[in-house]
Amino acid sequence: MIVQSNKMADDEDDSLNEIAHALIVTNLDIGFFDDDSRKEEFEAAFRSYDSDASFNYLKSFRRARVNFTSTESTVSARLKYHDTELCGQIIKCYFAQLPMLMSNDNLLPPKQEKLFLISPPSSPPVGWEQVPESEPVLNFELIDALARLTPGEIHEVHPPSQTMPAIVVHLCEDPEGFSERPMVLQTRRPERM
């Protein structure tokens, strides 16, 4: 029983470590950013959870970022102020994303979905072999049926039965006076002045 409770406590610590120490507060009124008294009220509300909290105001996004010193205070403030009225506006609080720490400053290449193309690459890797392409799938029955079709003749595709009618194809020639669609000539662009 004690081992299980210790394991649950470790799981809670791991899940708290995955939460950033900052909240993004959205839906702030544009007039909020110019009113110092409303800013003081806003800061006092969040400093009740962490006296060392710092604030970054993003006026063009109508948002504020509140940085806390501990994860517990971040979670408590979010639970208290998400979807509540503060400074005359119903605000929403979201956890900020954790920064991704990379040991290398370079971008990683995208994941390879296909390792190689069918045609050989310009500089093939060691041990690369050409894969023989398969032959195209041809339906010889369809090719034969199309070859037997001639204009002006009736072709029975499916013979009639007692319950079903026959399926017959009538091929037509082009009507007299039929011509290709007229070609649309492009008009010349006017001169620039």
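The values are calculated or read from the model by the stated rules, or taken from the named source; none is laboratory data. Everything quoted here is computed from the prediction, not taken from an experiment. No Cβ is skipped: glycine too gets one built from the backbone with ideal geometry, and neighbour counts run over all protein chains shown.
Looking only at residues that are free of Cβ contacts under 8 Å to residues at least 12 places away in the same chain and among the hydroxyl-bearing types (Ser, Thr, Tyr) in region 45-82, which one is farthest from ILE30 (Cα to Cα)? This residue is SER51. Is it true that some residue in region 77-85 is assigned to a helix (DSSP H, G or I), farther than 10 Å from LEU23 by Cα and of a type in the set (Gly, Ala, Ser)? No, every residue in region 77-85 fails to be assigned to a helix (DSSP H, G or I), farther than 10 Å from LEU23 by Cα and of a type in the set (Gly, Ala, Ser).
State whether the residues of region 138-148 include one that is touching a His at 6+ places or on another chain (Cβ under 6 Å), surrounded by 10 or more Cβ atoms within 10 Å (Cβ to Cβ) and of a type outside the set (Ser, Thr, Tyr). No, that holds for no residue.
Residues checked against (1) surrounded by 13 or more Cβ atoms within 10 Å (Cβ to Cβ); (2) in a helix (DSSP H, G or I); (3) within 36 Å of the chain's Cα centre (by Cα); (4) among the basic types (Lys, Arg):
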residue	(1), (2), (3), (4)
LEU28	yes, no, yes, no
GLU40	no, yes, no, no
ALA45	yes, yes, no, no
SER51	no, no, no, no
TYR57	yes, no, yes, no
ALA64	yes, no, yes, no
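This table checks each residue for (1) over 12 Å from CYS87 (Cα atoms); (2) at pLDDT below 85; (3) of a type in the set (D, E, K, R).
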{"position": "ASP14", "(1), (2), (3)": "yes, yes, yes"}
{"position": "GLU18", "(1), (2), (3)": "yes, yes, yes"}
{"position": "GLU43", "(1), (2), (3)": "no, no, yes"}
{"position": "PHE55", "(1), (2), (3)": "yes, no, no"}
{"position": "PHE61", "(1), (2), (3)": "yes, no, no"}
{"position": "THR69", "(1), (2), (3)": "yes, no, no"}
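Being in contact with a Ser or Thr (Cβ under 9 Å, 6 or more places away or on another chain), free of Cβ contacts under 8 Å to residues at least 60 places away in the same chain and of a type outside the set (Ser, Thr, Tyr) holds for only one residue in LEU171, LEU185, and it is LEU171.
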